[in-house]
Structures are given as C-alpha cells and as structure tokens.
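Have a look at the structure below before the remarks.
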Amino acid sequence: MSATAVARKRGKPATGARVGSGAGKRRRKADSAGDRGKTKGGGKMNEEISSDSENESLTPRRTEEEEGEELEETAQEKKLRLAKLYLEQLRQQEEEKAEAHEFEEDQVAGRLKEDVLEQRGRLQKSVAKEIQTPAPADIRVLRGHQLSITCLVITPDDSAIFSAAKDCTIIKWSVESGRKLHVIPRAKKGAEGKPPGHSSHVLCMAISSDGKYLASGDRSKLILIWEAQSCRHLYTFTGHRDAVSGLAFRRGTHQLYSTSHDRSVKVWNVAENSYVETLFGHQDAVAALDALGRECCVTAGGRDGTVRVWKIPEESQLVFYGHQGSIDSIQLINEEHMVSGADDGSVALWGLSKKRPLALQRDAHGLRGEPGLEQPFWVSSVAALLNTDLVATGSHSSCVRLWQCGEGFRRLDLLCDIPLVGFINSLKFSSSGDFLVAGVGQEHRLGRWWRIKEARNSVCIIPLRWAPRPTAVGS
C-alpha cells in the first residue's frame, strides 16, 4: 500500500492534498474577493442569485412558514383594525363635539345679537312670509258682552284674555277652553259697599309684564287696578279730568302710563299705589297710548294729528306728523319703531329718528260709498307682533288685514285678509305669535257714528300657523 493511501486511510492529508487544499484556499479567497467586487458593483445580481437559490432550495419549507406568518398577521391585523376603528370613533366623537360646540356658539352669538338689536330697538325677525292665511272656520268666537267690545289684553303666558265693553263689564276668558273664568260686573252709581267695578264705558286696559296687575280705564275718569289672577279690586286712581283712553305698563316694572281726553299723560307706581307725575303737550283729546321697556311711552293724538314720544326722565317729547285725519290707534313694534292708524284710512310706520313716516299706506282697507263720493274705511285698531315684521290692522270693512313690514320698516305689503264683520275695535297678538285676538263690536269704541246690525259683539281668537323658524336682521 502506498504512503498516500495509508495517509488517506488515517485521515491525514497527503502532500498533494495539501497542495490542492492551498489551491482551494486561494480559489476561495479569490472567489470571496470577487464576491466583494460583485457586491460593490453588482448587488442586484447577488440578490437575484440569492433569491433564486432560496426559491429553489427552500420553497416547500417557506410555504409552511408563510402560512404560520399569515395566521400571526391576521391576529395582529385584527388588533390593528380594532385600534383604527376605536381611533376613528374617537375622531368622530371629537368632530361631533366640535360641531355641537360651534353650533352652541352660533346660537349664543345669535341670541346675543338679538338681545343687542332688541336693546337698541332694531330687532326685526322675518316671520311674516312664513304665515299661512287663517281659515274662517278655524276662528273661535266668544260671546258674553251685551254691547260693543272696546278693548282687550292677553296675559303674558297666553293662557287668558281680558275683554271690556261698552256694557261696563270685564270678562276673563280661558284661551284653551273659551270659557269665562271671571266676570267683573257693572257697578251701579252711588251703590256703597257693593263689589267695585266700572259704571261707564271701559275704553282701555293694560296688564303688567309679570301678569300680576290689570289696569282698566273708563269714561268716568277712573283707573281701577285689579289683581289679574283673582280679579280682586286693589286700588282706584283718580286725577284725570276726562275719559281715560289709554293705558300701558312699562315692561319689567309696575310703572303705569295713562292718557286721557284731557290731553295729559300721567305716570303711576302701581306697586306703591302712588301718583308720580303729569306731562302735557297734545292739543286735542288723546286716543291711545303704548309703552315697552324704555322709560318712555308713545301716544296717538287724535284730532291734533300728531304722534308723540314722551321721554319721562327728561320730561320732554318728540312730535311726529304724517296722518291727515284723527289718529285713533298706535302700537310699538320695537323700541325704535311703531305703527299707527287713522280715520283717513291710512296706516303709518314710524322710526324715532325721523319725524315723518318711514312708510305710509293710504286707503289701507279700501273705500266705501257711491262713485264720486267714496270715503276710506277708518282704521280703528292696529297690532304688531313684538320685534317682528308682522302687523295687523282692523276697520269696519268686514276684514282684518295682515301686513309685512319691509326691510328697515320702509314698506308695507299686504299679506292676507281675515273675514270679520263689524268694527274691529281692538287687536292683540299673543306673546308666542300662535294666535291673534280681535275685539268686535257693532259700534266704534269711541262713538256711535254707524251701527253694523249684522255684526256680533264678541271676542274672536284667530289661530296663526307658521312655516319654519324665523331669522333676525337688524334694521
């Protein structure tokens, strides 16, 4: 046996093997050097070779690993999906909160804007366009007075109506049921110890903004103060020298303003049962009066043809001209604007900053009489839904008319007619705007110039229906 074979058998490399081994080592070094060179300049080739080799050698084994990895990733993906869903829900909740907060801020800003406009007397909510023409069949008629209704008021919560008439009685009605809640009967002259009441035509009434006091004035120069809830008589104010024709409480207070055919305006403190002061200025009998929250009131001067604004603290007055006839009715729309009606058939819108009407609607209820001798229907009553653009007027033209005030109160547009036969001697909107109340009589509240026999002395409740909510604008 040769030495080489013996060496192989014992596991010792032969000399040739050592030589071959050295050559192999040199080849491996050269190969590794070449691989480094290829790595620097041809990395893509190495990746492809490695990938091919792995695909060729480990394909079955990798498929099993991938299945395991896919199972693991599915569980992880579920966790990730749930986490993403939770985060999305949180994001949506935050967005909803932000939207709600923004909406609340908008509402608060809107309310603040309305409050500011109301304080400045310039709030004008646009509601007139949303009103639907009332159906005659929906009008409720309340009968109880024997003679013509002269005036009425609605309680601040819209639950009851007080009406007064030429029969010297006052009736309290339930708005919901239409039933009489209380009747203040006529007082007989010289009847001592009898229940108090009026002994002559009741011409005007007013109720305080908290619903506590009711005031009524008559042709006998008296003002009677009642507890509105129970209709119990509290005080009697004397001092006017002629018929008391207008009453109004200052909103938020128990300060009472009164006016009379004696041409004066008086101020009273009802809570303290006291007289405050008297103001003069009109040149003829004053026909009507109204007031809101400011310490002032407005009056319709009848035949002297003026509307006056009385500034109580300064004891001064502003005088406005515009009607051609006797101004018989007036009401404030807001603190800066008012509406009036006259027997020349005209309706006027006024602003305190201008001595002439902002808008004047002549022949507001049309004309009557033979051709060539036509005369306008007298405007006997006006009403305004507070801080809005809706106005109502009454006459003896067999209808109540609803009007829309244009922007800035510079225009009057007719909306609809509500059929009612008789003299519309008083009109009042409810605080909510859900209904309009009309006091109807066979005669005018201040006289007996005509008599409409087919009319019924009654209180008519006219329901008002609206489309969606109004928007406020400054005028």
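Between 408, 441, 394, which is of a type in the set (Gly, Ala, Ser), closer than 14 Å to residue 124 by Cβ and touching a residue at least 40 places away in the same chain (Cβ under 8 Å)? Outline the logic, then answer.
Working: 441 fails: closer than 14 Å to residue 124 by Cβ; 394 fails: closer than 14 Å to residue 124 by Cβ.
Within the list 408, 441, 394, the selection yields 408.
Every condition in (1) of a type in the set (S, T, N, Q); (2) outside any loop (DSSP other than H, G, I, E, B); (3) open to solvent by 40 Å² or more (accessible area, probe 1.4 Å) is met by residue 278 except one, and the failing one is (3). Scanning region 351-369 for residues that are hydrophobic (A, V, I, L, M, F, W, C), open to solvent by 60 Å² or more (accessible area, probe 1.4 Å) and closer than 13 Å to residue 323 by Cα returns a single hit, 360. Scanning region 300-321 for residues that are farther than 19 Å from residue 285 by Cβ and open to solvent by 10 Å² or more (accessible area, probe 1.4 Å) yields a count of 6.
This table checks each residue for (1) in contact with a Leu (Cβ under 7 Å, 6 or more places away or on another chain); (2) modelled with pLDDT of 95 or more.
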site	(1), (2)
313	no, no
319	no, yes
322	yes, no
332	yes, yes
360	no, yes
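Where strands (runs of 3 or more DSSP E) sit wholly within region 208-254, those with at least 1 residues that are open to solvent by less than 10 Å² (accessible area, probe 1.4 Å) and within 16 Å of residue 169 (Cβ to Cβ) occupy 213-218, 223-227. With respect to the conditions (1) hydrophobic (A, V, I, L, M, F, W, C); (2) under 26 Å from residue 366 (Cβ atoms); (3) surrounded by fewer than 20 Cβ atoms within 10 Å (Cβ to Cβ), residue 285 lacks only one, and its number is (2).
Of the residues making up region 361-400, those that are touching a Gly at 6+ places or on another chain (Cβ under 6 Å) and over 21 Å from residue 437 (Cα atoms) are 363, 375, 376. The set of residues from region 370-391 being in a loop (DSSP other than H, G, I, E, B) and open to solvent by less than 10 Å² (accessible area, probe 1.4 Å) comprises 379, 380, 389.
The values are calculated or read from the model by the stated rules, or taken from the named source; none is laboratory data. As the structure is a computational prediction, the values presented were derived from the model and not from experiment. Glycine also receives a Cβ, built like all others from the backbone with ideal geometry; neighbour counts cover every protein chain displayed. Protein only, heavy atoms only, side chains kept; ligands, DNA and RNA dropped before computing areas. Shrake-Rupley method; radii C 1.70, N 1.55, O 1.52, S 1.80 Å.
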